[in-house]
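Trainee: Input: one structure, supplied below.
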Amino acid sequence: MRPTRSYWERTSLNAPTDFLIVGSGFVGLCAALETRKTFPRASILVVDRAPVGFGASTRNAGFGCFGSPSELLDDAKRVPLSTVIDRVERRYRGLQQWLSWFSPDAFDWFPGGGQEVFSADKYSLFKECEAFLPELNRQVGSFMNHSSVYSKNETKHRCPSLPYALSIAIEGHLHPGKLMELLRKKAQTEHIVLRGGVTIEPFSHWTRTEKGWEIPSQEGILVSERVLVATNAFTQHLFPELEVEPARGQVLLTAPLPQGNPWIGSFHADEGYLYFRNVGQGLLLGGGRNRFREQEKNDSGCTSEEVMNYLESFLREHLLPHQPVEITDRWAGTMGFGPKNEKEPLVLQKAPGVVVACRMGGMGVALAPSVATEAVSLFR
Ligand SMILES: Cc1cc2nc3c(=O)[nH]c(=O)nc-3n(C[C@H](O)[C@H](O)[C@H](O)COP(=O)(O)OP(=O)(O)OC[C@H]3O[C@@H](n4cnc5c(N)ncnc54)[C@H](O)[C@@H]3O)c2cc1C
């Protein structure tokens, strides 16, 4: 038995809305803003099961990236090049969207460029990627307004075990927590109501009535004409039939390095499964999921000793071998992937007035604005 809502609550806080958005990560909040733009007079409520944060959006590595050469080469072996480039463009435009909404300094945007680095045993992959660069540059140059986004790195890299590198211009990194705060403030100034601590029950418990969708939650029944579900990795709890698998991503961060940080900018290694960047004079390192595949299909949000040990060894042996290093932070977040490495986000109408936008992989910081726009367009 659940307590019923009072008349006062039912006619104010829990009053029916025009739009209910489930999930207040980057996708949910961008979708709320896009809904406001498209439906200026609509009432919009965004709910999340967490009081604040705890989705991937505030637990990632903060790369503002649109694809490293080996990632895009691998994609191009699976799907037509036009599909790959379309996704690059949506990621690039997503980053431009953040920069048009907010001052770069307000979310620590650092356009220091990126590099993909290769170990000696990946020399043939490095050469294959290098050969792919002219075509990549031709394709992305038109919308990035830059003739050589990808280039060979002429300098020998500072790490003997990662001797080869390719540069990625325009790429940057940011502070996802600050970006989230800005987004929440923007939503509130647009009269979008944000509510945390509301867990929405599976779709099979929802009912369609003449008032709209009646949606049970632990906070009572919510009623809304239209619903957009942006629960990413957790979507199977609502729609078990959708192909979204959780994948844990783990990250550690060092204190400012006393001898200075040799790794300023954004770096991709091990075909994108390892990523590192500076946070001021500290170094953030994340990934390693490919070494522990089965155990990382996990949405606990907790770190594991095995992955943390692996990351820490890589950090001490390869990235900072001659420095004392203090690790100050360790955390995990949950990404949503498709089966068999399917990378395309899932944006679809599930029922009349119910749209789902999820499965953002490791790309949602950049992709969220474009995916949100696509999802809201399904309501028109
Ligand atoms: C370690 C790590 C590193 C990453 N690094 C990068 C990167 O550098 N660059 C990049 O582009 N991407 C990166 N990503 C991916 C990126 O963070 C995600 O793709 C993106 O944040 C997804 O946003 P979202 O809004 O779809 O999902 P989320 O931010 O996960 O939001 C989903 C929300 O739904 C809520 N929710 C779930 N179920 C319910 C329910 N039943 N009722 C109510 N609320 C519910 C959750 O609480 C959550 O807040 C990384 C992810 C991780 C974990």
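The values are calculated or read from the model by the stated rules, or taken from the named source; none is laboratory data. All of these numbers come straight from a predicted model, not from anything done at the bench. When we count neighbours, we look across all protein chains shown, and the Cβ atoms used for this are built from the backbone with ideal geometry, even at glycine. The accessibility values were calculated without ligands, DNA or RNA, using every heavy atom of the protein model including side chains. Shrake-Rupley method; radii C 1.70, N 1.55, O 1.52, S 1.80 Å.
Trainee: Per residue of the chain, what 222 nm ellipticity follows from adding -39500 (n - 2.57) for every DSSP H run with n ≥ 4, rounded to the nearest 500?
Mentor: Working: 8 runs with 108 residues, N = 380.
One gets -9000 deg cm²/dmol as the mean residue ellipticity at 222 nm.
Trainee: Okay, next question. When ligands, DNA and RNA are left out and all protein chains stay put, how many square angstrom of accessible area per residue does the chain have with a 1.4 Å probe?
Mentor: On the way: 16950 Å² over 380 residues.
Result: 45 Å² of accessible area for each residue.
Trainee: So how tilted is helix 305-314 from the main axis of the chain? Cα-based, degrees 0 to 90, rounded to 10.
Mentor: Helix 305-314 sits roughly 30 degrees off the main axis of the chain.
Trainee: List the lysines whose alpha-carbon lies under 16 Å from that of Lys178, not counting same-chain residues fewer than 8 positions away?
Mentor: Within the straight-line cut-off, Lys178 pairs with Lys186.
Trainee: Using the alpha-carbon atoms, what tilt in degrees (0 to 90, nearest 10) does helix 26-38 show relative to the longest principal axis of the chain?
Mentor: Its long axis makes an angle of about 60 degrees.
Trainee: Tell me which residues come under 5 Å, amide H to amide H, from Glu245 once H is placed; ignore anything under 5 positions away on its chain.
Mentor: Amide H neighbours of Glu245: Phe337, Gly338.
Trainee: Step through the residues of segment 119-135 one at a time and calculate ³J(HN,Hα) from phi using the Karplus curve (6.51 cos²θ - 1.76 cosθ + 1.60, θ = phi - 60°), rounding each to whole Hz and writing x for Gly and Pro.
Mentor: Whole-Hz 3J(HN,Hα) from phi for segment 119-135: 7, 4, 6, 9, 4, 5, 5, 4, 5, 5, 5, 4, 5, 7, 4, x, 5.
Trainee: I need the calculated FRET efficiency for the pair Glu245 and Glu128, taking r as the beta carbon distance and R₀ as 25 Å, to the nearest 0.05. Present the calculation step by step, with values, prior to reporting the outcome.
Mentor: Details: r = 28 Å, r/R0 = 1.13.
Between Glu245 and Glu128 the formula returns 0.30.
Trainee: Right, next: Among Phe314, Phe276, Phe118, whose mean-square fluctuation peaks in a Gaussian network model of the chain (Cα, cutoff 10 Å)?
Mentor: Between Phe314, Phe276, Phe118, it is Phe314 that shows the largest mean-square fluctuation.
Trainee: Using a 1.4 Å probe on the protein chains only, how many percent of the accessible area of the chain belongs to carbon and sulfur? The partial results should precede the final answer.
Mentor: Working: 8940 of 16950 Å².
Of all accessible area on the chain, carbon and sulfur atoms account for 53 percent.
Trainee: Using a Gaussian network model of the chain with C-alpha springs under 10 Å, which one of Trp101, Trp109, Trp263 is most mobile by mean-square fluctuation?
Mentor: Trp101
Trainee: Hey, rough spin-label estimate for Ser313 and Glu294, points 7 angstrom out along Cα→Cβ, what's it come to in nanometres?
Mentor: About 2.0 nm, to one decimal.
Trainee: Also: Report the label-to-label distance for Leu348 and Asp121 in nanometres (one decimal), using points 7 Å from each Cα along the Cα→Cβ vector.
Mentor: Between Leu348 and Asp121, the label points sit 3.9 nm apart.
Trainee: Right, here's the next one. Top mean-square fluctuation among Ser12, Ser82, Ser119, Gaussian network model of the chain, C-alpha springs under 10 Å?
Mentor: Ser12
Trainee: If amide H atoms are built 1.01 Å from N in the plane of the peptide, which residues on other chains or at least 5 residues away come under 5 Å of the amide H of Thr199?
Mentor: Close amide H contacts, sequence-distant or interchain: Gln218, Glu219.
Trainee: How large is the dipole of the chain about the Cα centre if only Lys and Arg carry +1 and Asp and Glu carry -1, each at its Cβ, rounded to the nearest 20 debye?
Mentor: Values: 41 positive and 42 negative charges, 160 e Å.
Dipole about the Cα centre, nearest 20: 760 debye.
Trainee: With an 8 Å cut-off on Cα pairs and a minimum separation of 6 or more residues, tell me the relative contact order of the chain in percent.
Mentor: On the way: 769 pairs, mean separation 90.0, N = 380.
So the answer I get is 24 percent.
Trainee: Which residue, Asn309, Ala357, Ile85, has the largest displacement toward the positive end of the dipole of the chain when charges sit on each Cβ (Lys, Arg +1; Asp, Glu -1)?
Mentor: My answer, from the dipole projection, is Ala357.
Trainee: Taking amide H positions as placed 1.01 Å from N in the peptide plane, with prolines and chain starts having none, which residues 5 or more places from Leu194, or on another chain, fall under 5 Å of its amide H?
Mentor: Close amide H contacts, sequence-distant or interchain: Val46.
Trainee: Would you mind calculating the gained length between Thr207 and Asn341 on full extension (0.36 nm times residue separation, minus the Cα-Cα distance), in nm to one decimal? If you can, show how the numbers build up before the last one.
Mentor: Working: separation 134, 0.36 × 134 = 48.24 nm, distance 3.40 nm.
Separation in residues times 0.36 nm, less the Cα-Cα distance, equals 44.8 nm.
Trainee: Obtain the nm distance between the two label points defined at Arg380 and Ser6 by a simple spin-label model: each point lies 7 Å from its Cα along the Cα-to-C-beta direction.
Mentor: 4.3 nm
Trainee: State the answer as a single residue: which of Ile21, Ala247, Ser119 lies farthest towards the positive end of the charge dipole of the chain, with beta carbon charges of +1 for Lys and Arg and -1 for Asp and Glu, about the Cα centre.
Mentor: Ile21
Trainee: Between helix 81-101 and the chain, what is the angle of the helix's C-alpha long axis to the longest principal axis, kept within 0 to 90° and rounded to the nearest 10?
Mentor: 70 degrees
Trainee: Still on this structure, please answer the following. What is the local net charge at Ser304, summed over the other residues whose Cβ is closer than 15 Å to its Cβ (Lys, Arg +1; Asp, Glu -1)?
Mentor: Details: positive: Arg59, Arg248, Arg289, Arg291, Arg293, Lys297, Arg330; negative: Glu294, Glu296, Asp299, Glu305, Glu306, Glu312.
With Lys, Arg at +1 and Asp, Glu at -1, the net is +1.
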